[in-house]
Amino acid sequence: MSKLPSIAELILLIAREERKATEIIEEIKGNIGRKESEANAYINLFLDEALAQAKQLDASGSKPDEEKPLQGIPIAIKDNICVSGKPCTCASRILEGFIAPYDATVVARLKDAGAIIVGKTNLDEFAMGSSNENSAYGPVQNPLDTERVAGGSSGGSAAAVAYGGAVAALGSDTGGSARQPAAFCGLVGFRPSYGRVSRYGLVAFASSLDQVCPITRTVQDAALIYSIIAGPDPCDSTTYPAEPEEMDLAGEIPEGIKVGLIKECFDDLEDERMGDAVLRSFREARVELVEVSIPLVRLSVAGYQLLAMAEASSNLARYDGIRYGRRIERLGLRETYFATRGEGFGDEVTRRILIGTFGLSEGYIDAYYNTALRYRAALAAEFEEAFKKVDFLLSPTAPTPAFKLGEKIRDPLAMYLSDIFTAPAALAALPAISIPAPDKVDGLPVGIQITAPRFADAKLLEFAHAVERL
Ligand code: GLN
């Protein structure tokens, strides 16, 4: 497996004329040729187009600069984010034949910065899953151990970066879908504060939770992509009106930083080695570690799933065979709806639409949806209290390293429970990052999750960058 340079390294190599944009695309092509048939990280590849773009850049001698910081940098995009003129499948049969009519804001911003889009990556159907096994295009294998999952739902994005099929990728995270696959593949996955990054052109799963996220080799690369894609967008009224703050990634861990270990996360670990792997770098760092209790994280999967399923049931009502993608024509409109939706959606998506509809229905909405909303507010309040005492919160990203393909796919509850550590930050709209721990467990990477107060994204990236270098 040939390891690609990080974005930051590549920028330097291109600037010093030690590497050409075409050479990088050729290298990626080689890696894809060797690895993709096993990994199944991509649903669509645009390598010829990417090569043509790179040739043009090389011929014109243009290099990354202030205006085009990502000039010539190949990036993969999760296939629930629209790239104009390309299919956007969401790994669902129901979107077969759908071509995105516009660029998502994040894609437009990457293209403006000079990035080359190499392909669209595999995912769990409509981003629903934790293993990338719920895909109409087949499961993704973890390139570090092909018997294991790459994580989900952004498993394709993580696998592509891990095996050198892209220098970096965009994923999306509703309850952990960028952080957990990054952790399983030994990469960095950064979920910005809700509202920092535009969702325009990201296919909606659960709108109050969805965020676009970079999946990269280093924190510096995540920060670079974040600084390009973040910021207000008139096309998404939920974006936060201020531009993201400047970051200084050169620094060390500042004096007097207090880090809270989320007690419930560490107490509930079945495998102590997970906790030890997460804590090792911190024990040697100049930070004060304290234990902090956030009791409501224990209910995060129940709260998350009720809300995410409710929102999904409403968001996915638009796939009726009339407006988008595939239509299974029957005599009569109702029959056409039933046939299209019945055949178009996979099992997990169907399950969530049914449960979500139930949780919103008259007679049950108070017991389920409204209770989950109250839970969400109470959880956010517990986080707010915790951040009065500490600067950052720490936990493993997931309770285990990458599990085996097939291990949880027949047990949806076990699958949902694997999100227990990532769902809380999403529910509380907080920024959180997963970075690889220095130690492995059973030879597999472990993710360190660091969570920060809302809109402290820049501080979180600075801190994570310093931790990564310990
Ligand atoms: N694994 C979680 C789920 O299945 C999170 C998915 C996501 O973040 N898109 O809902």
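Protection proxy ranking, highest mean first, for peptides 223-234, 53-64: 223-234, 53-64, where packing is the per-residue count of other beta-carbon atoms within 10 Å, averaged.
In this simple spin-label approximation, ARG318 and LYS55 carry label points 7 Å from Cα along the Cα→Cβ vector, and these lie 3.7 nm apart.
Sorting the segments 335-344, 179-188, 389-398, 149-158 by their residues' average number of neighbouring beta-carbon atoms within 10 angstrom, most packed first, yields 149-158, 179-188, 389-398, 335-344.
Here's the picture: charge each Lys and Arg Cβ at +1 and each Asp and Glu Cβ at -1 in the chain, and of GLY342, LEU70, GLN449 the one pushed furthest to the positive end of that dipole is GLY342.
Note on LYS120: lysines with a C-alpha under 28 Å away, same-chain residues under 8 apart excluded, are LYS3, LYS20, LYS29, LYS35, LYS55, LYS63, LYS68, LYS78, LYS86, LYS111, LYS404, LYS408. Taking 0.36 nm per residue of separation and subtracting the Cα-Cα distance, full extension of the segment from LYS20 to ARG298 would add 95.1 nm. Within segment 34-171, all pairs of alpha-carbon atoms sorted by distance into 5 Å bins from zero give the percentages 2, 12, 20, 22, 19, 13, 7, 4, 1.
Let me test this: with uniform point scatterers at the alpha carbons of segment 368-435, what is the Debye-based log₁₀ I(q)/I(0) at q = 0.11, 0.13, 0.20, 0.22 1/Å? Computed log10 I(q)/I(0) values: -0.36, -0.49, -0.95, -1.04. The mean of 1/r over all distinct Cα pairs in segment 317-470, once inverted, gives the Kirkwood hydrodynamic radius of 19.1 Å.
Dividing the Cα radius of gyration of segment 40-110 by 2.2 N^0.38 Å, with N the residue count, gives 1.26.
Taken about its Cα centre, segment 40-88 carries a charge dipole of roughly 120 debye when the Cβ of each Lys and Arg holds +1 and the Cβ of each Asp and Glu holds -1.
Using only alpha carbons, build the gyration tensor for segment 192-306 and give me the equivalent ellipsoid semi-axes, biggest first, whole Å.
So the equivalent ellipsoid measures 30, 22, 13 Å along its semi-axes.
Computed over every Cα-Cα pair of segment 167-238 and binned at 5 Å starting from 0, the pair-distance distribution P(r) comes out as 3, 19, 29, 25, 16, 6, 1, 0 percent. Taken about its Cα centre, segment 66-124 carries a charge dipole of roughly 120 debye when the Cβ of each Lys and Arg holds +1 and the Cβ of each Asp and Glu holds -1.
Hey, any idea what Rg/Rh is for the chain, computing Rh the Kirkwood way over Cα pairs?
Radius of gyration over Kirkwood radius for the chain works out to 0.95.
This model, with +1 at the C-beta of Lys and Arg and -1 at the C-beta of Asp and Glu, gives the chain a dipole about its Cα centre of some 820 debye. With the simple spin-label model, which puts each label point 7 Å out from Cα in the Cβ direction, the GLU291 to LYS263 separation comes to 0.6 nm. Multiplying each eigenvalue of the alpha-carbon gyration tensor of segment 255-297 by 5 and taking the square root yields semi-axes of 19, 15, 5 Å, largest first, rounded to whole angstroms.
Quick note: the coordinates plus some simple rules give every number you see, no bench work behind them. In this text the structure is predicted, and so the values were computed from the model without any measurement. Methodologically, a virtual Cβ is constructed for each residue, glycine included, from the backbone with ideal geometry; neighbour enumeration extends over all protein chains shown.
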